[in-house]
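> So that we are looking at the same thing, I have put the structure below in structure tokens.
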Amino acid sequence: MSQILWLGPHDPFPNPLQESDPDPNVPGLIAVSERIYPGQLTKAYQLGIFPWYSDNQPVLWWSPDPRMVLKPNAFKCSDSLNKAIRQFCSDPECELVLDGDFGSVVRACATSKRKGQDGTWITHEILSAYTQLHEQGHAHSIAVLNNKRLIGGLYCVSFGGIVFGESMFSRQANASKLALAALCAFCQVNQVKMIDCQQETKHLSSLGASPIPRAEFLKQLQTSLNQSNIELTWDFGKGILKHWL
């Protein structure tokens with residue numbers, strides 16, 4: 001850990017596009033800090049860096065290589081998901097709510113049980129920091145409701161013309177996939193070329209995501225951040241899902 005930079009409140013992040021990983025034994029780990037300082041998340045995301053750590057650890061800042069991304073037009077809408085979308089759109093008891101209760105969606109992601117994971121990286125500090133991003137208009141939640149009951153959803157971060165997927169959860173079959181399908185449809189309509197998925201998983205691969213070299217991701221990130229012609233208006237409901245029908 002001695003080679004990895006400890007960041008204070010005003011220290012800049014190393015730029016992973018210009019500098020190699022500080023410790024080859026921990027690939028992708030860019031820096032460490034005692035806490036998430038004000039304004040730090042914004043600076044990190046614009047450099048392709050994100051926090052991922054547990055309650056008993058300092059804040060670990062990552063930029064993995066390769067980087068898992070989902071191009072919205074590569075989203076795999078299976079026959080079973082297509083059927084679920086039709087049923088969801090036709091059922092008046094089913095709703096898709098954007099930014100209705102950001103905290104509830106993040107907490108649901110944090111408490112969702114996942115294979116191979118004993119705990120969660122979504123700490124109280126993470127909830128607080130991302131809630132601030134939400135209040136600034138840079139973090140969004142998509143909630144899937146059935147009879148007013150939260151059954152699935154996701155939350156994400158957005159800067160410029162790029163979206164960063166953070167976490168999703170499902171309490172009913174296909175619920176998280178409905179949220180992701182809505183996000184991909186929104187991104188297609190708004191010419192967003194890439195959703196960052198951070199790390200490779202079989203589940204994300206099955207939905208169309210694929211890894212790309214970090215250097216390629218970071219170059220596309222800078223291009224997307226500089227797209228002044230794209231100003232995302234986050235306003236949609238379950239009708240966006242008809243994009244896939």
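The values are calculated or read from the model by the stated rules, or taken from the named source; none is laboratory data. Given the structure is predicted, the values throughout are model-derived calculations rather than measurements. Here the Cβ is made from the backbone with ideal geometry for all residues, glycine too, and neighbour counts use every protein chain on show. Surface areas here come from the heavy atoms of the whole protein model, side chains and all, with no ligands, DNA or RNA. Shrake-Rupley method; radii C 1.70, N 1.55, O 1.52, S 1.80 Å.
> Would you be able to say whether some residue in the stretch 123-134 is open to solvent by 20 Å² or more (accessible area, probe 1.4 Å), under 19 Å from Phe13 (Cα atoms) and modelled with pLDDT of 95 or more?
no
> Give the residue, chosen from Asn25, Asn15, that is loosely packed, with under 12 Cβ neighbours inside 10 Å and more than 18 Å from the chain's Cα centre (by Cα).
After applying the criteria, what remains is Asn25.
> Please identify the pairs in which a residue from the stretch 232-245 that is among the charged types (D, E, K, R) has its Cβ atom under 7 Å from the Cβ atom of a residue that is open to solvent by 40 Å² or more (accessible area, probe 1.4 Å), counting only partners at least 6 apart or on another chain.
Cβ pairs passing all conditions: Lys238/Glu95.
> Continuing with the same structure: Would you point out the residue of the stretch 34-55, among those that are buried (at least 17 other Cβ atoms within 10 Å of the Cβ) and not in a loop (DSSP other than H, G, I, E, B), that is farthest from the chain's Cα centre (by Cα)?
For the stretch 34-55, the residue satisfying everything is Gln40.
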